[in-house]
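What follows is a short report on a single structure.
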Amino acid sequence: MQVTTLGEALYPSPLRYFVSDSLRLAERIIQRPDEKMTDNIAFELAGPREKLFFDAKNTRAGIVTCGGLSPGLNDVIRSLFLELHHAYGVSHVYGFQGGYRGLDPHLGKEPLLLTPELVDDVHKKGGTFLGTSRGPVDTAVAVQNLIDKQINILFVVGGDGTQRGGYELYKEAKRQNYPLAVVGVPKTIDNDIPFVSQTFGYLTAIEEAAKALDRAHVEARCVNNGISLVKLMGRNAGFIAAGATLASQEVNFILVPEVPFKLEGPNGFLAALKKRIQDRGHALVVVAEGAGQELLQNNTQLKDASGNIILNDIGQYLSTRIKTFFEDEDIPVHLRYMDPSYLIRSTRANAVDSVLCDLFARNAVHAAMAGKTGLIIGKMHDKYIHVPSELLASRKRVMETDGMLWHGVLASTGQPASFY
Ligand code: ATP
Ligand code: MG
């Protein structure tokens with residue numbers, strides 16, 4: 001799987017170690033007896049190249065952060081800048097403000113010219129100091145603005161939507177015959193980007209979510225028939241709920257988008273919850289925001305500014321259903337519904353995520369300086385790789401329900417494999 005390059009790389013790199021352009025990493029490293037390896041995709045390895053397409057002294061770069069917050073955004077901006085500035089000697093690096101709107105001079109503020117002083121301690125804080133937003137930008141206007149500002153490289157830091165946006169910008173620049181390197185750094189606390197085994201911010205998010213679960217567990221255990229219901233993020237995939245469940249080890253039931261469930265009936269969730277309350281007198285329930293959407297009526301399919309469907313609130317719905325169920329059963333319970341969703345992602349990155357941020361960012365710079373474009377930095381089998389942006393749309397990454405993570409979750413909660 002080769003990524004597009006803008007042209008022949010002729011400039012010598014000022015760096016001292018290099019990764020060959022011809023090395024590949026195969027997607028599947030475990031082979032089943034009945035499988036052929038011929039359709040096994042192989043990716044370019046990320047890393048510094050010996051020859052560069054861009055001449056650093058005549059090169060300008062821009063950085064934009066879009067979509068929701070994730071711990072580590074500031075670390076990524078900082079490492080992108082420092083690698084460009086110190087390692088390659090790129091003197092003009094701009095921070096576009098307020099997400100993709102910042103690429104349109106009529107909509108956004110002027111970009112900031114980054115300096116070592118400006119980024120000095122930004123990684124100590126959560127959020128993104130450049131700001132972020134949802135909503136589209138006119139790609140023709142954005143590319144014209146990049147041309148006017150003589151920007152040759154654009155780093156797009158964000159989730160699936162941002163990377164689709166980056167791909168549109170790459171295509172528009174190509175259409176205008178402007179040699180622009182668009183390199184994506186994948187961001188999402190949900191950990192659901194294909195070809196990225198771990199996105200930055202995920203581990204910090206589950207660390208924070210596990211703290212919330214521990215506290216919710218204390219609330220439930222200290223009252224008679226206490227039930228704590230905690231909603232965590234995870235629109236399409238239950239990685240945060242599953243990771244926090246394993247980290248906390250206090251969860252009794254977990255509901256995720258990958259595993260549909262029934263509320264009623266002898267094998268349904270409510271019967272299992274009743275048994276748990278009768279046996280143990282307290283319960284901790286975790287629900288991912290995308291779980292059980294099929295149970296909710298009046299699905300209005302409202303969309304946000306970026307075109308993402310606004311999900312119905314499964315937490316509120318479950319809370320009501322649990323309450324009425326126990327009233328009907330004449331079992332008094334103390335039910336508390338907690339929604340710490342946003343509180344887990346605005347913190348600064350933990351140490352492991354900070355390391356990830358730094359390596360994702362520096363590899364993005366290496367790819368861009370070599371003239372690679374229309375790609376994101378991925379991570380597979382512990383190696384950083386180049387993934388063509390268009391490939392992202394062809395896959396969804398969800399938790400495998402026959403995999404080790406979900407089996408570990410079932411083992412730690414003791415819940416049945418299915419509520420059907
Ligand atoms: P997250 O979902 O983790 O918050 P995201 O990057 O998916 O991150 P979105 O709000 O969906 O967040 O998208 C970020 C930006 O990308 C928005 O400005 C949005 O308009 C733009 N975008 C989304 N989809 C597309 C697309 N198909 N083409 C062009 N731009 C897009
Ligand atoms: Mg998204």
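Computed from the coordinates by the stated procedures, all read-outs in this text should not be read as laboratory data. Fair warning: this is a prediction, and the values are worked out from it, not measured in the lab. Cβ placement follows ideal geometry from the backbone for every residue including glycine, while neighbour counts extend to all protein chains displayed.
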How much length, in nm to one decimal, is gained on full extension between residue 275 and residue 396, taken as 0.36 nm per residue of separation minus their Cα-Cα distance? 40.0 nm
Among residues other than residue 221 whose Cβ falls under 10 Å from its Cβ, what is the net charge (Lys/Arg +1, Asp/Glu -1)? -1
With R₀ set to 35 angstrom, the calculated FRET efficiency between the beta-carbons of residue 171 and residue 125, to the nearest 0.05, is 0.50
Counting only DSSP beta bridges with both residues in the chain, what percent are antiparallel, rounded to the nearest 5? 35
Using a Gaussian network model of the chain whose springs link C-alpha atoms within less than 10 Å, name the residue from 329, 44, 27 with the highest mean-square fluctuation. 329
Defining a contact as two alpha carbons under 8 Å apart and six or more residues distant in sequence, what relative contact order in percent does the chain show? 23
Under the helix-only model (-39500 (n - 2.57) for each DSSP H run of 4 or more, divided by the residues of the chain), the mean residue ellipticity at 222 nm, to 500 deg cm²/dmol, is -9500 deg cm²/dmol
In whole µm²/s, the translational diffusion coefficient that Stokes-Einstein assigns to region 30-118, given a Kirkwood hydrodynamic radius over C-alpha pairs, 20 °C and 1.002 mPa s, equals 133
Could you tell me the calculated FRET efficiency between residue 405 and residue 2, based on Cβ-Cβ distance and R0 = 30 angstrom, to the nearest 0.05? 0.40
Estimate the FRET efficiency between residue 418 and residue 381 by the formula 1/(1 + (r/R0)^6), using the beta-carbon distance for r and 41 Å for R0, to the nearest 0.05. 0.85
Evaluate the charge dipole of the chain about its Cα centre and quote only its size in Debye, nearest 20, assuming +1 on the Cβ of each Lys and Arg and -1 on the Cβ of each Asp and Glu. 420
Quick one: check the C-alpha center-to-center distance for region 28-63 versus region 130-161, whole angstrom. 23
Among the helices of the chain (complete DSSP H runs), which have Cα atoms covering no less than 24 Å along the helix axis and a Kyte-Doolittle mean of at least 0.5? 351-369
Projected convex hull area of region 108-258, Cα atoms, direction-averaged, in nm², equals 12.0
Between region 189-260 and region 382-418, how far is it from one alpha carbon centroid to the other, in angstrom? 15
Between residue 86 and residue 331, with labels modelled 7 Å along Cα→Cβ, what's the label distance in nm to one decimal, could you check? 5.9
Whole-percent tail of the Cα-Cα distance distribution for region 255-338, cut at 15 Å, equals 62
Can you classify region 116-173 as rounded, prolate or oblate using the Cα gyration tensor, where a ≥ b ≥ c are the square roots of its eigenvalues, rounded means a/c under 1.5, and otherwise it's prolate if a/b beats b/c and oblate if not? oblate
